[in-house]
Amino acid sequence: MARKRSHHQHGTPNRPRFWGRHAVAAALDNPRRTVLRAWATQDVAAHMQFPDEVAVTLAEAADLGRLVPKDAPHQGVVIEVAPLEEVWLDDLLANPPKRAVLLVLDQVTDPHNVGAILRSAAAFGAVGIVTQDRHSPPESGALAKAASGALEVVAWARTVNLARALGDIADAGFWRIGLAGDAELKIKDALGPDRVALVLGAEGPGLRPNSREHCDALARLPITGAVESLNVSNAAAVALYAAVTR
């Protein structure tokens, strides 16, 4: 009988494994990130800046494939890390720039979507993202790969109560815009104040009623009737573009 792979073979929430050159290089460049273990092919190891205190195990590409989920594009390098220290919402809101964009994710749980949203947040200079801790993915290889390095540079605050967090965000001077397909306003008409918090819900359910009630305005993206909606990560990118170019 074939032996099943251990649940821990691909990492755990307390010791996630990252793979792919962009995700790994960004983790190595982040002074706040602790790298616990590393594996790499000889060619890749020669070009990565591993800390002196991290022992690097040289391995063949096929062996690296067994350290990550099936068909994960490891690109010749895998690391095991400690999660980043928690970012507190109060700290994130303490001294925002005069013009700032913040992303709030209402129960967006898919790591690929959250990773892609982090990447867009970095690309458009968002001050950070806010999620509910029990309804958001932990750090993982899939998330870090989708983020392509942005996990290391975008502040990510997790909160117990999203409605209360939206209240704190308003107190910090942010105009809260909930993205909803049934909204009458287009996003360009909902933008106004210099500080904007874009609130996005999960695909399918969308924003929960309590989250909608804690928004200052609801807005939709001006998409055609050819598609019902955009993927949440694509919607985040479009909304970010609209917010930063207003």
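Summary table
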read-out: Qualifying position, being out of contact with any Leu (no Cβ under 8 Å at 6 or more places or on another chain) and not basic (Lys, Arg), among 54, 44, 77, 35; value: 44
read-out: Residue among 36, 93, 64 that is outside any loop (DSSP other than H, G, I, E, B), assigned by TED's automatic domain parsing to the domain that holds residue 149 and not polar (S, T, N, Q); value: 93
read-out: Cβ pairs under 7 Å, 6+ apart, first in segment 212-225 and free of Cβ contacts under 8 Å to residues at least 12 places away in the same chain, second buried (at least 17 other Cβ atoms within 10 Å of the Cβ) and among the hydrophobic types (A, V, I, L, M, F, W, C); value: 223/230
read-out: Candidates 143, 162 - the one that is without any contact (Cβ under 8 Å) to a residue 60 or more places away in the chain, among the hydrophobic types (A, V, I, L, M, F, W, C) and out of contact with any Gly (no Cβ under 8 Å at 6 or more places or on another chain); value: 162
read-out: Where a residue in segment 108-131 is under 18 Å from residue 195 (Cβ atoms) and its partner, wherever it lies, is among the hydroxyl-bearing types (Ser, Thr, Tyr), with Cβ under 7 Å and at least six apart; value: 124/241; 130/159
read-out: Residue list for segment 130-169, filter: within 20 Å of residue 241 (Cα to Cα) and surrounded by fewer than 17 Cβ atoms within 10 Å (Cβ to Cβ); value: 153
read-out: Residue satisfying condition, being buried (at least 23 other Cβ atoms within 10 Å of the Cβ) and either modelled with pLDDT under 95 or touching a Leu at 6+ places or on another chain (Cβ under 9 Å) (or both), within set 243, 183, 172; value: 243
read-out: Members of segment 186-216 that are buried (at least 16 other Cβ atoms within 10 Å of the Cβ), in a strand (DSSP E or B) and not β-branched (Val, Ile, Thr); value: 195, 197, 198, 200, 201, 202, 206
read-out: Hits in segment 154-169 - residues which are out of contact with any Leu (no Cβ under 9 Å at 6 or more places or on another chain) and either within 19 Å of residue 120 (Cα to Cα) or part of a loop (DSSP other than H, G, I, E, B) (or both); value: 160, 161
read-out: Filter pass, residue 98 being in a loop (DSSP other than H, G, I, E, B) and either touching a helix residue (DSSP H, G or I) at 6+ places or on another chain (Cβ under 9 Å) or surrounded by fewer than 23 Cβ atoms within 10 Å (Cβ to Cβ) (or both); value: yes
read-out: Only listed residue being in a helix (DSSP H, G or I) and either outside the structural domain of residue 199 (by TED's automatic domain parsing) or over 25 Å from residue 159 (Cβ atoms) (or both), chosen from 121, 23; value: 23
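The values are calculated or read from the model by the stated rules, or taken from the named source; none is laboratory data. Model, not experiment: these values are computed from the prediction. For neighbour counting, all protein chains shown are included, and Cβ atoms are generated from backbone atoms with ideal geometry for every residue, glycine included.
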